Amino acid sequence: MQSDSCDPDRPTHPGTFPNCEAGKSDLKSAERSIVFPVSVVLPAGGTGERTGLQTPKQFCLFLGRPLISYTIQAFERVSWIQSIVVVVAKEYMDLMTDIVQQFQHTKVRVVPGGSTRHRSIYNGVLALSEEGEEGKPATDKAKVVIIHDAVRPFVEEDFLHKIAMAAKEQGAAGAIRPLVSTVIATTSEGYLDHSLERAKYRASEMPQGFTYDVIHQAYQKCSESDFEFGTECLHLALQYCGTNAKLIQGPPTLWKVTYKRDLAAAESIIKDTLSRSACVITGGSAQAVTLADALQKAVAALNVELDVIPDLTGENGAYLLNDWNFIQVSVNRSCLSEVEALLIDLEAAKRALLHPLVVILVLLSGSDELSVSGRVVEPEAIMDLASAAKLRNILLYGIQLHQSKDTQRWERSVLRVAEITSALIRERSPALVGQLLQA
Ligand SMILES: Nc1ccn([C@@H]2O[C@H](COP(=O)(O)OP(=O)(O)OP(=O)(O)O)[C@@H](O)[C@H]2O)c(=O)n1
Ligand SMILES: O=P(O)(O)OC[C@@H](O)[C@@H](O)[C@@H](O)CO
């Protein structure tokens, strides 16, 4: 696993942007240069047969949230995208509406799909037409339409910007990736007819972008056979509008969830991107700072970024707003008041709306005799607090350790805390919620 989050091939979580200077995009210039209305059509009307599951893959849950909500979030966070049309099968319209409401998606409209992907996309494009966006002044009508399979959740703003700009200039633009396997043609008897020179071909991916007029006209002119058997919007633009799409190589993160294994891969990527950062709240205690410093060294090898803060006042309040997890260190105190205050702040910031948030209470007893009694706080109290927090999608775990005077023992304890916290943050296991683990 690459450890460098600056690695362009390392997928980012939908809705966040790589936090690395080297690869950091100049978002300001991106926002500045998009001066035309851009809308999105997310075809999500399929049944996902190739996963072998009853539930269409776009509605499969990842950390309690449907895959399509991650894709919508990836587009919603892009300020220059004005509207998103999600196209779902008629029987899933109510479910999709519920998802939009539950996860407070704002720019989304839901329309019924068709029997094929092209028919669904066309329904989405029509929903953007003048009659579809009633009440909007002509200048607000989409000038560029981005089409993106709803089951490709890992799409980044920078690449969307490239596709939108190229579509505005060329009329059409599409993402491509190098072929991994060679393409061959077979005879009707199932033998090799010929193979294509792989270097001359690319895989067509998503997102794709079109000026509204091009994609609308292409679908108005295309044939029933295109609607029934076609798989490529870029082809329709060329065939029916004479518009030759600009092809732009995209990152590997543009892959489409197609088979069951892809669901496992998507879940792993989502968990990985939600588990990269935590902040340790020390309450200003010197012992807690000692533990936090030791933790920072220990978790670095586990690919977790750890910030250490005394509390969440002033500028530190910003930690409540992003994808941070929390380690609250409580020293020699049996009260849970600090973590209760943290839970209230997190609920007020609606931080756990889109994915479960991890809060780990580390109970540090400063003396061996205290640990002999074995209890800094009643485990039942933590379980009660954790049960209430879980209802708000916040996963509260407890770890107890004491600051042994024996250096080796202390170092072993710190390493165990680092390993436990990394595992809890990454796996977010409901089974361990409210448990008081021993380090
Ligand atoms: N009638 C259809 C068929 C597909 N799609 C959407 O087009 C995207 C890419 O299609 P694909 O991966 O083939 O999805 P499914 O058709 O659901 O998959 P399968 O072929 O395995 O059934 C998906 O978001 C899918 O929901 C759609 O909107 N309407
Ligand atoms: O729906 P399917 O799984 O057949 O494939 C969809 C892909 O063909 C399509 O998303 C890209 O090739 C770009 O057109």
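The values are calculated or read from the model by the stated rules, or taken from the named source; none is laboratory data. All values reported here derive from a predicted model rather than from experimental measurement. Note: ideal-geometry Cβ built from the backbone for every residue, glycine included; neighbour counts use all protein chains shown. These accessible areas exclude ligands, DNA and RNA; they are computed on the full protein's heavy atoms, side chains included. Shrake-Rupley method; radii C 1.70, N 1.55, O 1.52, S 1.80 Å.
Brief remarks on what is shown
- Of all residues in the range 80-119, those that are in contact (Cβ under 8 Å) with a residue 40 or more places away in the chain, more than 16 Å from ligand 2 (Cβ to nearest atom) and in a loop (DSSP other than H, G, I, E, B) total 3.
- Restricting the range 272-290 to residues that are open to solvent by less than 30 Å² (accessible area, probe 1.4 Å) and either in a strand (DSSP E or B) or not polar (S, T, N, Q) (or both), the residue that is nearest to ligand 2 (Cβ to nearest atom) is D272.
- Lone qualifier among A199, A203 - being small (G, A, S), within 14 Å of ligand 2 (Cβ to nearest atom) and in the same structural domain as P153 (by TED's automatic domain parsing): A203
- Test result for I269, open to solvent by 10 Å² or more (accessible area, probe 1.4 Å) and either touching a Pro at 6+ places or on another chain (Cβ under 7 Å) or under 30 Å from E380 (Cα atoms) (or both): yes
- Odd one out for R261 among (1) in contact (Cβ under 8 Å) with a residue 60 or more places away in the chain; (2) away from ligand 2 (no atom under 13 Å from the Cβ): (1)
- Flag: K57 does not match the condition of being free of Cβ contacts under 8 Å to residues at least 24 places away in the same chain and within 13 Å of ligand 1 (Cβ to nearest atom).
- Residues satisfying the stated conditions in the range 227-262, i.e. among the small types (G, A, S) and open to solvent by 40 Å² or more (accessible area, probe 1.4 Å): G242
- Close Cβ contacts (under 6 Å, 6 or more residues apart or on different chains) running from residues in the range 120-131 that are in the same structural domain as V38 (by TED's automatic domain parsing) and in a loop (DSSP other than H, G, I, E, B) to residues that are modelled with pLDDT under 95 and open to solvent by less than 10 Å² (accessible area, probe 1.4 Å) comprise L128/A142.
- Among residues of the range 210-224, those that are away from ligand 1 (no atom under 16 Å from the Cβ) and either of a type in the set (D, E) or open to solvent by 50 Å² or more (accessible area, probe 1.4 Å) (or both), counted: 4
- Of all residues in the range 389-405 being assigned to a loop (DSSP other than H, G, I, E, B) and of a type in the set (S, T, N, Q), the one that is surrounded by the fewest Cβ atoms within 10 Å (Cβ to Cβ): S404
- Counting only residues that are surrounded by 10 or more Cβ atoms within 10 Å (Cβ to Cβ), more than 16 Å from ligand 1 (Cβ to nearest atom), within 33 Å of the chain's Cα centre (by Cα) and of a type outside the set (F, W, Y), the range 185-209 holds 3 of them.
- One residue from D323, D293, D307 being among the charged types (D, E, K, R) and crowded, with 17+ Cβ neighbours inside 10 Å: D323
- Residue list for the range 407-439, filter: charged (D, E, K, R) and open to solvent by 80 Å² or more (accessible area, probe 1.4 Å): R409, E411, R412, R416, E419, E427
- If you go through the range 227-243 and keep only what is part of a helix (DSSP H, G or I) and away from ligand 1 (no atom under 14 Å from the Cβ), you end up with L234, H235, L236, A237, L238, Q239, Y240, C241.
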